[in-house]
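The values are calculated or read from the model by the stated rules, or taken from the named source; none is laboratory data. None of these values were measured; they are calculated from a predicted model. With ideal geometry, Cβ positions are generated from the backbone for all residues, glycine too; neighbour counts draw on all protein chains shown. All accessible areas refer to the heavy atoms of the entire protein, side chains included, with ligands and DNA or RNA removed. Shrake-Rupley method; radii C 1.70, N 1.55, O 1.52, S 1.80 Å.
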Amino acid sequence: MDTLRFYFVTWNVATKSPGQDLNSLLDFPSQFNRNKPLPDFYVIGLQEVKSAPQNMVMDSLFTDPWTSTFNKILCRQGFIIAKTIRLQGIILIVYTQLKHVTHLRDIEAQYTKIGFGGLWGNKGAVSVRFNIYGCSVCLVNCHLTAHEHLHHHRVTDYNTIVNNHTYHVTETTHILFHDYVFFIGDLNCRLDHPPDESPSAEEIAAALQEVEKDKYAALLKYDQLYASQELDEAFVELTEPEIRFPPTYKFILGTDDYDLKRKPSWTDRILYKVVPNNYENITLRADCLSYNDVPHYTVSDHKPVVAVYTIKVQRLLTRSLMADVPRATRSMIRMRTALVKPADTPEDEAGTSTPDVPEGEEEEEDVCDNVDGVFVSDEVMANYTEKTVEFAPVVRIWYIGDADFRTQCTLSPDVEINPNDWIGIYDADFHNLDDYIAYEYLAKVSLPHDSPESGQARTITLSFPVGSGVRTPGFYRFIYFSQPNNEVRSVLGISDPFEVCSKEDALVTIDPCEQASTSSSSGKPTTATTDLFTDFTGLDVTKLSRHFSNDLSID
């Protein structure tokens, strides 16, 4: 059984710019706790990012300051932007560790406008759905109708969102059809006391001062979200961990003092849903490790709220395609599918997992073979496998302008090639799945005659015409995308880094000893270590600017 850790942030930033350091919001390991594991996914949901009508054209061309700041922080820690979607001031950004990228399947985004009767996106929701290790996940960030007396509008908003967000994946056409759903955002739910005993904002603030040990049940029993759940009006399918933090709205900007023009309320929430018994061989579950506000941020009249969850996914150990490749040529292809380490598997000092089986014994129910270092579970393979693409390593240096700029890859037997499938060229240290440098569609390839039903792996060769390849020396990767339509895509494979040089570099005389020592290395680019505590002194700013686009413009 494997688990993935998700770190959620929801924050109404009140049209302000980032004015405080955001590293502590993301709870990175400190110098006193270097062994603290990073999450597998960061999910950032923002509301009221400045989006005035006169700024909409600029917003469509350039990254907003909040997204740029989060990108700089998380991408420098090695996270990849899997998907971003924005609806005016509502933004959802999904970051993942690189090792999970080749297991992202059927990524799709959706949005719903609910402002001014569905005509304007100042209120509404955005969502991202994907499959990961055989389980479906849907992430929703929303900003519902404001004001205490408009609770019935928020009920309508919620039901509109869960009904109107539809997806192309057959098994999960709606939000609530997914194995895991996380519903975050500024839900704008307020405290709604009976008319004959409704306290003022001052009285609520005074009551909060008397709360002991974060026990807010006496106030939360008047929370509109809880009331709508009890009446089966909205949020019925969702669960929320116990709230042990004070109301996150409304504060005087730059202070920790409530603005008593509004009743203090828990408007910013993180809820979830899990369907535990969707599969015969596994019981799914989501465990909340923490659910808190982050009170020291004062740039907005809302406090950010964060939560950490672990979710269980189907154990996946993928059989290498090497079984279908002659042994003499196996050394030319390396498995690129990242494997998630089982929770009960020990790890050696090098960070590689090894099966916990006593010497001389074999597991009866889950027998594992070792094919070129890839462990295969017969029981798991009977329940769940993944479509994969493996790239042959580029064994020669490519030169800019080469007419024969090509790659070869092997498709697992169950991969169906769609007309829109494509292979992109990326920086070796890419940080965003949208940041391709060049691409070519598989439709232009002379495909093998074997069909997926033949049960045989297929090898294809893709050429990049002159002018469509890279134009800057450096290290790059290939990424294979399956894209059955324009809205849905899956990452099936990532190549090892390969080098591209200029023709002038080919004329430089290389010391044979230096060349020999270089050729014995791994062939990967020499870059700064990715240790969390390493600075970026000496990093090539020109190359870094390609990684972060215009993000370096933020102070």
Handout entry: Qualifying positions in the stretch 23-37 - more than 14 Å from residue 71 (Cα to Cα), open to solvent by less than 60 Å² (accessible area, probe 1.4 Å) and within 18 Å of the chain's Cα centre (by Cα)
Key = 28
Practice task
Could you tell me whether any residue of the stretch 186-199 is open to solvent by 20 Å² or more (accessible area, probe 1.4 Å), of a type in the set (Asp, Glu), free of Cβ contacts under 8 Å to residues at least 60 places away in the same chain and closer than 30 Å to residue 312 by Cβ?
Solution key: no
Problem - Residue count for the stretch 259-287, restricted to those that are more than 20 Å from residue 177 (Cα to Cα) and part of a strand (DSSP E or B) - result: 3
Problem - Where residue 282 falls short, out of the listed (1) closer than 21 Å to residue 44 by Cα; (2) among the hydrophobic types (A, V, I, L, M, F, W, C); (3) at pLDDT below 95 - result: (1)
Exercise for the section: Kindly indicate whether any position in the stretch 124-134 is buried (at least 17 other Cβ atoms within 10 Å of the Cβ), in contact (Cβ under 8 Å) with a residue 40 or more places away in the chain and over 18 Å from the mean Cα position of the chain (by Cα). Expected result: no
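Test of understanding: among 507, 539, which residue is open to solvent by 70 Å² or more (accessible area, probe 1.4 Å), modelled with pLDDT under 60 and of a type outside the set (D, E, K, R)? Spell out how you get there, then give the answer.
Values: 539 fails: open to solvent by 70 Å² or more (accessible area, probe 1.4 Å).
On inspection, the qualifying residue turns out to be 507.
Please determine, by comparing only the residues of the stretch 175-233 that are part of a loop (DSSP other than H, G, I, E, B) and hydroxyl-bearing (Ser, Thr, Tyr), which one is nearest to residue 112 (Cα to Cα).
Filtering the stretch 175-233 for residues that are part of a loop (DSSP other than H, G, I, E, B) and hydroxyl-bearing (Ser, Thr, Tyr), the one nearest to residue 112 (Cα to Cα) comes out as 222.
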Exercise for the section: Give the residues of the stretch 445-493 that are surrounded by fewer than 13 Cβ atoms within 10 Å (Cβ to Cβ), outside any loop (DSSP other than H, G, I, E, B) and modelled with pLDDT under 80, sorted by residue number. Expected result: 453, 454
Handout entry: Matching residues in the stretch 174-213 - criterion: being under 20 Å from the mean Cα position of the chain (by Cα) and among the hydroxyl-bearing types (Ser, Thr, Tyr)
Key = 180
Handout entry: Members of the stretch 288-314 found to be closer than 22 Å to residue 266 by Cα, open to solvent by 10 Å² or more (accessible area, probe 1.4 Å) and in a strand (DSSP E or B), listed by number
Key = 288, 289, 290, 291, 292, 293, 306, 308
Practice task
For residue 85, indicate whether it is buried (at least 20 other Cβ atoms within 10 Å of the Cβ), in a strand (DSSP E or B) and modelled with pLDDT of 95 or more.
Solution key: no
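Just to be sure I understand, how many residues within the stretch 135-154 are assigned to a helix (DSSP H, G or I) and either open to solvent by 10 Å² or more (accessible area, probe 1.4 Å) or farther than 16 Å from residue 189 by Cα (or both)? Quick ask: steps written out before the conclusion?
Initial filter on the stretch 135-154 (assigned to a helix (DSSP H, G or I)): 148-154.
From what's left, either open to solvent by 10 Å² or more (accessible area, probe 1.4 Å) or farther than 16 Å from residue 189 by Cα (or both): 148-153.
Of the residues in the stretch 135-154, 6 are assigned to a helix (DSSP H, G or I) and either open to solvent by 10 Å² or more (accessible area, probe 1.4 Å) or farther than 16 Å from residue 189 by Cα (or both).
Look at residue 157 and say whether it is at pLDDT 95 or above and either not β-branched (Val, Ile, Thr) or not in a helix (DSSP H, G or I) (or both). Step through it out loud before you land on a result.
Details: at pLDDT 95 or above: yes; either not β-branched (Val, Ile, Thr) or not in a helix (DSSP H, G or I) (or both): yes.
Taking the combined requirement at face value, the residue satisfies it.
Find the residue count for the stretch 205-222, including only residues that are surrounded by 15 or more Cβ atoms within 10 Å (Cβ to Cβ) and out of contact with any strand residue (DSSP E or B) (no Cβ under 6 Å at 6 or more places or on another chain). Break it down stepwise before answering.
The initial filter retains those residues of the stretch 205-222 that are surrounded by 15 or more Cβ atoms within 10 Å (Cβ to Cβ), namely 205, 216, 219-220, 222.
Those left that are additionally out of contact with any strand residue (DSSP E or B) (no Cβ under 6 Å at 6 or more places or on another chain): 216, 219-220.
Residues meeting the conditions: 3.
With 251, 245 as the choices, which residue is over 26 Å from residue 288 (Cα atoms), touching a strand residue (DSSP E or B) at 6+ places or on another chain (Cβ under 7 Å) and among the hydrophobic types (A, V, I, L, M, F, W, C)? First the steps, then the outcome.
Numbers: 245 fails: over 26 Å from residue 288 (Cα atoms).
That would be 251, the only listed residue that is over 26 Å from residue 288 (Cα atoms), touching a strand residue (DSSP E or B) at 6+ places or on another chain (Cβ under 7 Å) and among the hydrophobic types (A, V, I, L, M, F, W, C).
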Exercise for the section: For residue 239, indicate whether it is open to solvent by 40 Å² or more (accessible area, probe 1.4 Å), under 26 Å from the mean Cα position of the chain (by Cα) and among the hydroxyl-bearing types (Ser, Thr, Tyr). Expected result: yes
Exercise for the section: For residue 110, work out the one condition from (1) modelled with pLDDT under 95; (2) surrounded by fewer than 22 Cβ atoms within 10 Å (Cβ to Cβ) it doesn't fulfil. Expected result: (1)
Exercise for the section: Kindly indicate whether any position in the stretch 1-19 is modelled with pLDDT of 95 or more, closer than 25 Å to residue 137 by Cα and not in a strand (DSSP E or B). Expected result: no
